[in-house]
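Chemist: Provided herewith is a single structure, encoded as structure tokens, for subsequent inquiry.
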Amino acid sequence: MNHVYFLTPGPSQLYYTVPQHIKTALKEHICSISHRSKSFQQIVAHALEHLRALFQLPTDYYIAFTASATEVWERAIENLSQEYTLHLVNGNFSKKFYEFSKQLKRNAQKWEVSPGKGFYLSEMPPFDPPELLCLTHNETSTGVTMPLEDIYTLRKRYPEALIIVDAVSSVPYPEIDFSQIDSLFFSVQKGFGLPAGLGVWIFNQRCLAKAEELLSKGKSIGTYHSLPSLLASIQKNETPETPNVLGIYLLGKVAEDMNRRGIKTIRQEIEAKAAIAYHHLQKNNDKFSLFVNDPSHRSATVIVAEVLHRPAADFIEFCKQKGIVLGSGYGNFKGVHIRIANFPTHAKETFQHLADLMAQW
């Protein structure tokens, strides 16, 4: 059977070391150990150590594990806001974050622009000062990224607000200055190349103080996955519940592998592959049109293009027959877009093959 390469934006191609790590995990009975055992504590400690190194995380920021990134939307709104949230919306996922806040009965404000568009802060309308500012660094549905400098500018504009960043489809690529944000979250089935079923939530002392303030006022901040509960467990290298032990084990191993390779090298490789994809999409402009017009807002990790004159499914099927699986468009764009994931596990040779297929089709 010929090898198939998944350039889908999540779940995506497994990181190339994962199959061997799974074999080792089975051999060592990782899937059967108690989540209250010393062995599990060592697995958690290992994962935390290498994630901290990979992100260059300051000591006053904490890491906890959840079931998914989607769960963090809900937990963050519960723990980090009593009334006012503000959301920058430019696609399906940033919009869902906003809708979660509405469902949780917050006074949720939004600045919404059309899908495929980025935010120009000089055009930002006035808003009531939010308790929680919700930003999506990389909108997976449309391939729009938010420049990190814009996030840092918003920190100056709303110094009292807690800033949480959805980095689901961009980490570990961006070099984030964590002192400029309060919280960041992601899931593992994209940039880390792992099976789905694990979320990672990074938060600082300001977040914890907000959760404790709400608790002292008699407000509900959730139960077993409230920030105080998560922190109390993770400080013992444990989790409040029986977690995805295999997922945490694999995440630690892959983070270690990435540290060994070097995050600077990984970033350079992602930029080189993105350049190949964008160049050849533009070169074949009789067949494809880039969805994000402003180059400064084009994602390096989820590249989105409109397929011209024919259904997008035709090109997706053509590539699949040649061993490359692309992502289809999201939501209303399903029939007209392709989405190309560019994560650390994806090889430059795969992108060169894809470029050839663009020319051949």
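Chemist: Which of 124, 146, 258 moves most in a GNM of the chain, Cα contacts under 10 Å?
Modeler: 124
Chemist: Find the centroid of the Cα atoms in segment 158-190 and in segment 301-361, then give the distance between the two in whole Å.
Modeler: Cα centroid to Cα centroid, the span is 27 Å.
Chemist: Name the most mobile residue of 273, 322, 23, meaning the one with the largest mean-square fluctuation, in a Gaussian network model of the chain with Cα contacts below 10 Å.
Modeler: Maximum fluctuation in the GNM of the chain, among the listed residues, is at 23.
Chemist: Further question: Output ³J(HN,Hα) for segment 237-246: one whole-Hz value per residue in order, computed from phi by the Karplus curve 6.51 cos²θ - 1.76 cosθ + 1.60 with θ = phi - 60°, and x for Gly and Pro.
Modeler: Result, ordered by residue: 6, 10, 10, x, 10, 6, x, 7, 4, 4 Hz.
Chemist: Which residues' amide hydrogens lie under 5 Å from the amide hydrogen of residue 108, considering only partners 5 or more residues apart or on another chain, with H built in the peptide plane?
Modeler: The answer is 85.
Chemist: Helix-only estimate, please: 222 nm mean residue ellipticity of the chain, summing -39500 (n - 2.57) across DSSP H runs of length 4 or more and dividing by its residues, to the nearest 500.
Modeler: -12500 deg cm²/dmol
Chemist: Can you run phi through the Karplus equation (6.51, -1.76, 1.60; θ = phi - 60°) for segment 107-123 and list ³J(HN,Hα) in whole Hz, with x for Gly and Pro?
Modeler: 7, 8, 9, 9, 10, 10, 10, 5, x, x, 9, x, 9, 10, 5, 5, 9
Chemist: Give the separation of the Cα centroids, segment 245-279 to segment 117-155, in Å.
Modeler: Rounded to whole Å, the Cα centres lie 25 Å apart.
Chemist: Using each residue's phi in segment 226-234, evaluate 6.51 cos²θ - 1.76 cosθ + 1.60 at θ = phi - 60° and report the 3J(HN,Hα) Karplus result to the nearest Hz, with x for Gly and Pro.
Modeler: 6, 4, x, 5, 4, 5, 4, 6, 5
Chemist: Which percent, to the nearest 5, of DSSP beta bridges fully inside the chain are antiparallel?
Modeler: 55 percent
Chemist: Counting only C-alpha contacts under 8 Å and six or more residues apart, can you give the relative contact order of the chain as a whole percent?
Modeler: In percent, rounded to a whole number, it is 25.
Chemist: Can you grab the distance from the C-alpha centre of segment 53-73 to the C-alpha centre of segment 8-36, Å, no decimals?
Modeler: 20 Å
Chemist: Pairs 102/219; 117/264; 23/253; 110/156; 96/348: which exceed 23 Å Cα-Cα?
Modeler: Long pairs (Cα-Cα over 23 Å): 117/264; 96/348.
Chemist: Same structure again: Please find, in a Gaussian network model of the chain (springs between Cα atoms separated by less than 10 Å), the residue of 247, 193, 218 whose mean-square fluctuation is greatest.
Modeler: So, out of 247, 193, 218, the one fluctuating most is 218.
Bear in mind that the values in this text are calculations on the coordinates, not laboratory data. Just so we're clear, the structure is a prediction, and the values are computed from it rather than from any experiment.
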